[in-house]
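Only the coordinates and a few stated rules stand behind these numbers; no lab work does. Worth saying up front: this structure is predicted, and the values here are computed from it rather than measured. Every residue, glycine as well, gets a Cβ built from its backbone with ideal geometry; the counts of neighbours run over all protein chains shown.
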Amino acid sequence: MPWPISSPMKTSSNSPLVKHLVLIGGGHSHLAVLKHLGMNPVPGLAVTLISRDINTPYSGCLPGFISGSYRLDEIHIDLRPLAQFAGARIIQHTIEHIDLESKLISCGGRPDIEFDVLSLNIGSKPDAIKIPGASEYAIGVKPIDTFLQRWQLLFAEAVARIGDQSSEYDLLIVGGGPASVELAFAAQYRIHQELGIKLYQPSPLNIKIISADSGLLSLHNAKVSRFALQELEKRGIEVLLEQRVSEFQAGKLRCEDGRSFSADAMVYATGASIPQWPAASGLAISEDGFIEVNHFLQSTSHEFVFAAGDAASILGEPRPKSGVYAVRQGLPLAENLIRYATARKLKPHVPQKHALALISMANKTAIASRNNLFFKGRSVWSLKHSIDTAFIKKYSQLPEMSTSLEIAEGLVDADTERQLKKHAMRCAGCGAKVAGHILQEVLQQLPPSNKADVLTTGAKIEDASLIRIDDDRVLVQSIDQLRAFINDPWLFAKIATNHCLSDIYAMGCFPHSALAVVSLPMASTKLTRNLLQEVMLGCSEALQENDCSLIGGHSAESAELQFGLCVNGFADKKTLLSKGGMQAGDIIILSKPLGSGTLLAADMRYKAKHDWINNALQQMLISNKQAAECFVQNKASACTDITGFGLAGHLLEMLAPNNVEMELNLADVPALDGALETLQQGIFSSLHQDNSLVSRDIFNSEAYLNNARFELLFDPQTAGGLLASVAESAAENCIRQLRENGFEHACAIGRVTKVAANSPAIVLK
């Protein structure tokens, strides 16, 4: 479970976790809930957000994007930083069923999720989806992310058809509400702009609005409807009323009265509907087909379930399915979720009877209506623009993470305090390792082993320890442990398991068995069981994928979630890989891109995009098993894995045994998506500064000091790839094998130029 405080997966001894709130859907209301939880944490309350879309589009800006007023990135809100701010676990998934009796959510491919309180803000879809042929031959305006993908194709096709082929293009829009009108205005305006056609000039683009209603914009006053019809007519957009669609077909639609209309593209923006699973789960459904809630936004059938937005209907107070009502429900929903979780009296929410409606006409003009009032023009568009952009800004620009220190006055001087504050935001994952130079200093003070069968000790430090079994075979052992770096115990455990196995793979060995060590934060008995279950299921799945058996372990309570493994493997001494052994002319190959340290640091600071983190996590989930097999088959001369000390640190460990000098092609070093951006912003892992001390062994580092890719060399990696040297004759085949086995970023990054140099060194190119 996640922890609702600033540091992911961390709690204090005074705030054990006791209840679990699950939010399903990333709609407008849940944005407010997450923001409220971030500003007002509830000690002891674990929070999980489950949403199909994480980079969620804001519907109010959709017409502006279609018309060309906004870029795609400007109309999206990334839920990940917001969830981080709220201390919430985030899971990208589509829900199909909830067991309300057991309070259990099934998420295919991962452990079921138990909850105490549930909130639904799942939005809606146009009800035309129920018309035969809709999903095959037409495009719904919701879900918006799907529509945006289809719109890009529609736009390109229309422009090509009209501009290149001088042909007509027929677009049918089904629905008579604001969404249909805005779409018609916006699509025509954007396509005309691209083709150089003036606003009121006739064109080969034929747009028809087809509605079953007797009037256009029937929920608005007569002035609005009349003006919209007039403006549509002036722009050559035809409106056909009282035409109920009975079927969508390839290239046409049919109406109930027998009429049919041909089309190159068909879009429907009709009345709202919701999926079947809320009703199938047993929730009370209103007469109009939505989740029925009372004035507390609480389900009328299940008191521990709350709902808001388009998917909900307040008993006795139905309202149009408009974003403004969902926005207004956000804060009352947040307050009542917290009140219910903390056993306090709920507060009623009285929805406004009338809302300000703003309808874009694409050319930076808009219509405004409220009750019987009507306004139009550029000032209305400016009002809409300011409201929409302010909404996105509210949930995209979050407060900076606090780095305050609890140190008694007088214990440190001002300089020391500044230095401590600089590193107060300690990273987790492999960024939480002890600095390499400190570790080396301490280890050198320890007495060497006097066991004859211990083969790795003293000056010969490898990724794993070797114990001789007989003349040919050795026992390979490694131990590693990580602080949780994401608010998802199951996913964290899978990645941590891959990380712990990596040292074995770096030796060219394959894991046999493992002992687990897990430290859990304080929680109720129920949540402790759930948390341990998720961790161990994640570990078990990863071990099975690597053909490794879990044979025991140890658990304990601590301030934060930590997980590690002691891993055993058996190998023939002749086939083992080591850090030393590089030969002049060898090609140095890296199997995975770098940058997880800076990305996780950015994630802690609410500065990372979800796509960046998701991509990084997917790389971490790739086991190094097949990379190890590849390097063994291609007779690698040296090998290690890239973890906490960064590429430069681990590379120098490989160069040191034989005083090797190498050329590193900096431009070829692969970076995870977003890593160079966060490094350029000065976002470094807390271990980065210590790692950068090895820059003294990079001969020409001064020329690259302002290069973000240079900083990438010192970035600590969690579940990073393998780094190996192979003969030049085997390099091409080795890289090809790696890419065929899922290491798509595998590449050569340098070459060994000299063995037995004065000292190990890296020369940048």
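Each principal axis of the stretch 280-333 carries a Cα extent, and these read 28, 22, 19 Å when sorted largest first. Annotation for Val442 and Arg259: the two label points, set 7 Å from Cα along the Cα-Cβ direction, are 8.1 nm apart. For Ala559 and Gln681, the FRET efficiency from 1/(1 + (r/R0)^6), where r spans their Cβ atoms and R0 equals 25 Å, is about 0.25.
With n ≥ 4 as the cut-off for DSSP H runs, can you work out [θ] at 222 nm for the chain, using -39500 (n - 2.57) per run divided by the number of residues, rounded to the nearest 500?
Values: 22 runs with 242 residues, N = 765.
Roughly -9500 deg cm²/dmol at 222 nm, from the helical runs in the chain.
Here the stretch 577-735 is assigned +1 on the Cβ of each Lys and Arg and -1 on the Cβ of each Asp and Glu. Its dipole about the Cα centre then comes out at about 380 debye.
Counting only C-alpha contacts under 8 Å and six or more residues apart, can you give the relative contact order of the chain as a whole percent?
Details: 1670 pairs, mean separation 99.5, N = 765.
Value for the chain: 13 percent.
The length gained on full extension between Gln544 and Asn450, counted as 0.36 nm times the residue separation minus their Cα-Cα distance, comes to 30.2 nm. What is the distance in Å between the Cα centres of the stretch 707-765 and the stretch 272-343? If you average the Cα positions of each part, the centres end up 55 Å apart. Working from label points 7 Å from Cα in the Cα-to-Cβ sense, the Ala279 to Ala667 distance is 6.1 nm.
Each part reduced to its alpha carbon centroid, the stretch 157-217 and the stretch 577-643 end up 50 Å apart. In this label model, Gln92 and Val763 are separated by 4.3 nm, measuring between points 7 Å along each Cα→Cβ vector.
By the count of other C-beta atoms within 10 Å, a proxy for reagent exposure, Lys347, Lys592, Lys198 are ordered fewest to most as Lys198, Lys347, Lys592. Subtracting the Cα-Cα distance of Cys107 and Ala156 from their residue separation scaled by 0.36 nm leaves 14.0 nm. Put in order of Cβ neighbour count within 10 Å, fewest first, the listed residues His302, His192, His220 become His302, His192, His220.
Projected area of the chain, taken from the Cα convex hull and averaged over every viewing direction, in nm²? All intermediate terms of the calculation are to be shown ahead of the outcome.
Numbers: hull surface 153.9 nm².
Computing the convex hull of the Cα atoms and averaging its projections yields 38.5 nm².
Would you work out which of Ile113, Thr94, Gly64 lies farthest towards the positive end of the dipole of the stretch 55-126, given +1 charges on the beta-carbon of Lys and Arg and -1 on that of Asp and Glu, about the Cα centre? The residue sitting most towards the positive pole is Gly64. Using the Cβ-Cβ distance between Tyr200 and Leu331 with R0 set to 41 Å, the FRET efficiency from 1/(1 + (r/R0)^6) comes to roughly 0.40. The angle separating the long axis of helix 178-195 from the principal Cα axis of greatest extent in the chain is about 70 degrees.
If you put +1 on each Lys and Arg Cβ and -1 on each Asp and Glu Cβ, how big is the dipole of the stretch 156-234 around its Cα centre, in Debye rounded to 20?
Values: 7 positive and 9 negative charges, 59 e Å.
With Lys and Arg at +1 and Asp and Glu at -1, about 280 debye.
Averaging sequence separations of C-alpha pairs under 8 Å and six or more residues apart, then dividing by the length of the stretch 239-302, give the relative contact order as a whole percent. Let's see the in-between values first.
Details: 59 pairs, mean separation 10.3, N = 64.
In percent, rounded to a whole number, it is 16.
Report the number of Lys pairs in the stretch 577-765 whose alpha-carbons are under 22 Å apart, with separation of 8 or more residues or on distinct chains. So the count works out to 11.
For the stretch 433-576, the convex hull drawn through the C-alpha positions has a volume of 124 cubic angstrom per residue. In straight-distance terms, cross-link reach from Lys130 covers every one of the lysines whose alpha-carbon lies under 28 Å from its own, apart from those fewer than eight places away in the same chain; here that gives Lys142, Lys208, Lys252, Lys321. Between helix 144-159 and the chain, what is the angle of the helix's C-alpha long axis to the longest principal axis, kept within 0 to 90° and rounded to the nearest 10? It works out to around 70 degrees. Each of Ser686, Ser214, Ser281 has some number of other Cβ atoms within 10 Å of its Cβ, and from fewest to most they run Ser214, Ser281, Ser686. Put simply, the convex hull of the Cα atoms in the stretch 577-765 casts, on average, a shadow of 9.4 nm². This model, with +1 at the C-beta of Lys and Arg and -1 at the C-beta of Asp and Glu, gives the chain a dipole about its Cα centre of some 2140 debye.
Assuming R0 = 45 Å, can you tell me the calculated FRET efficiency for the pair Gln689 and Ile467, based on Cβ-Cβ distance, to the nearest 0.05?
On the way: r = 36 Å, r/R0 = 0.80.
Taking R0 as 45 Å, the efficiency between Gln689 and Ile467 is 0.80.
Expected output is a single nm value to one decimal: the length gained when fully extending between Lys345 and Lys252, i.e. 0.36 nm times separation in residues minus the C-alpha distance. What is it?
On the way: separation 93, 0.36 × 93 = 33.48 nm, distance 5.50 nm.
Between Lys345 and Lys252, full extension yields 28.0 nm more.
Is the shape of the stretch 127-273 best called rounded, prolate or oblate, per the rule: a/c under 1.5 gives rounded, else a/b larger than b/c gives prolate, else oblate, with a ≥ b ≥ c the square roots of the Cα gyration tensor eigenvalues? Judged from the Cα gyration tensor, the stretch 127-273 comes out oblate (a/c at least 1.5, b/c at or above a/b). Listed by chain and number, the lysines placed with their C-alpha closer than 24 angstrom to that of Lys345 are Lys19, Lys35, Lys103; residues fewer than eight positions away on the same chain are left out. When the Cα positions of Phe570, Ala414, Ile210 are compared along the charge dipole of the chain, Ile210 comes out farthest toward the positive end, with charges on each C-beta of Lys, Arg, Asp and Glu.
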